[in-house]
Amino acid sequence: MASEPKQRVVITGIDVPFFDWVVLLIKLAIASIPATLILTAVFLVVGVVLSMFGAGLGALLTN
């Protein structure tokens with residue numbers, strides 16, 4: 001099987017209807033809500049752990 005020469009393709013534009021963009025962006029906004037809640041919970045747990053570590057380290061250094 002002979003290899004064919006590679007052809008370059010240049011895309012100059014994409015024709016997407018406006019309503020499809022609106023639907024996509026609404027879905028994106030709705031999907032970002034649970035992601036934000038999950039990230040907030042993770043950062044809260046990390047912050048609590050780090051503050052407990054800092055408080056324990058401070059108690060060790062003052063005694």
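The values are calculated or read from the model by the stated rules, or taken from the named source; none is laboratory data. Since we're looking at a predicted model, the values are computed, not measured. Cβ sites come from the backbone with ideal geometry, for glycine too, and all protein chains shown count toward neighbours.
Quick check: anything in segment 35-51 part of a loop (DSSP other than H, G, I, E, B) and modelled with pLDDT under 90? Break it down into steps so the answer makes sense when it comes.
The initial filter retains those residues of segment 35-51 that are part of a loop (DSSP other than H, G, I, E, B), namely none.
No, that holds for no residue.
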Exactly one of Ala41, Ala59 is more than 17 Å from the chain's Cα centre (by Cα) and either loosely packed, with under 10 Cβ neighbours inside 10 Å or not basic (Lys, Arg) (or both), and that one is Ala59
